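First the structure, in the form of structure tokens, and then the observations on it.
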Amino acid sequence: MATAIPLFASFKYADSLTVVGISFCTALVCEAISWILIYRTSSYKSLKYSIDKASKKLETMKTDNPSSKLSIKKSKTKKIDRVETSLKESSRDLSLFKFKSGAVVALVLFVVFGLLNSLFEGKVVAKLPFHPITIVRKMSHRGLKGEDSTDCSMAFLYLLCSISIRTNLQKFLGFSPPRASAGTGGLFPMPDPKTN
């Protein structure tokens, strides 16, 4: 076992794989925390069910061909508005409900980032296959010495891994948000175009 660590350390992509592996493990821990605090609770399940039900109902109402009579159109528009309002409220409640695990997950990510930063400070962990634009280079070359813009720091690789791995892991585990909650409602709901 003692010879396995130096062997892995001499491997060309050891640092990159270490960051990716830690990102994957962190995503698993974050999803476990979310499951304990959110996904297994009856409140979350009922909110998710109501959002799914309202979004399906709204989709059905919008795809039905309305009758030519003006009174029927007005009543249908009022019903659609009621369902949309209900959907926005449920989505906002779901966002607020998820907020409590967000603080714990943020703490875990902060601790892991600090640990990785101390391990890979000033170290090139990967090579980019392109020369990034200035804004991207400020992130990808953060904390590195030298002028090679294809050098990639731990912070940039960890950021990319965290975003992509956690999103795909949520989809795989079935924890992705309900269909309508991304576009409707939330803490900062989109303005209604009809009111403008």
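The values are calculated or read from the model by the stated rules, or taken from the named source; none is laboratory data. If you're wondering where the values come from, they're calculated on a predicted model, not measured in any experiment. Positions of Cβ are generated from backbone atoms using ideal geometry, with glycine treated the same way; all protein chains shown enter the neighbour counts. Note: areas computed on protein heavy atoms with side chains; ligands, DNA, RNA excluded. Shrake-Rupley method; radii C 1.70, N 1.55, O 1.52, S 1.80 Å.
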- Considering only the stretch 96-141, state which residues are at pLDDT below 85 and hydroxyl-bearing (S, T, Y). S101
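Residues checked against (1) touching a residue at least 60 places away in the same chain (Cβ under 8 Å); (2) surrounded by fewer than 17 Cβ atoms within 10 Å (Cβ to Cβ); (3) among the hydrophobic types (A, V, I, L, M, F, W, C):
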| site | (1), (2), (3) |
| --- | --- |
| A103 | no, yes, yes |
| L107 | no, yes, yes |
| V111 | no, yes, yes |
| V125 | yes, no, yes |
| M154 | yes, no, yes |
| C161 | yes, no, yes |
| L169 | yes, yes, yes |
- Item | Complete set of residues in the stretch 147-176 that are β-branched (V, I, T) and in a helix (DSSP H, G or I) | I163, I165, T167
- Message: Whether any residue in the stretch 79-87 is within 23 Å of the chain's Cα centre (by Cα) and in a helix (DSSP H, G or I) is what I want to check.
- Response: yes
- Subset of the stretch 127-146 [open to solvent by 40 Å² or more (accessible area, probe 1.4 Å), of a type outside the set (F, W, Y) and in a loop (DSSP other than H, G, I, E, B)]: P129, H131, I133, R142, G143, K145, G146
- Note on the structure: Scanning the stretch 29-63 for residues that are open to solvent by 80 Å² or more (accessible area, probe 1.4 Å) and either of a type in the set (A, V, I, L, M) or outside any helix (DSSP H, G or I) (or both) gives I36, R40
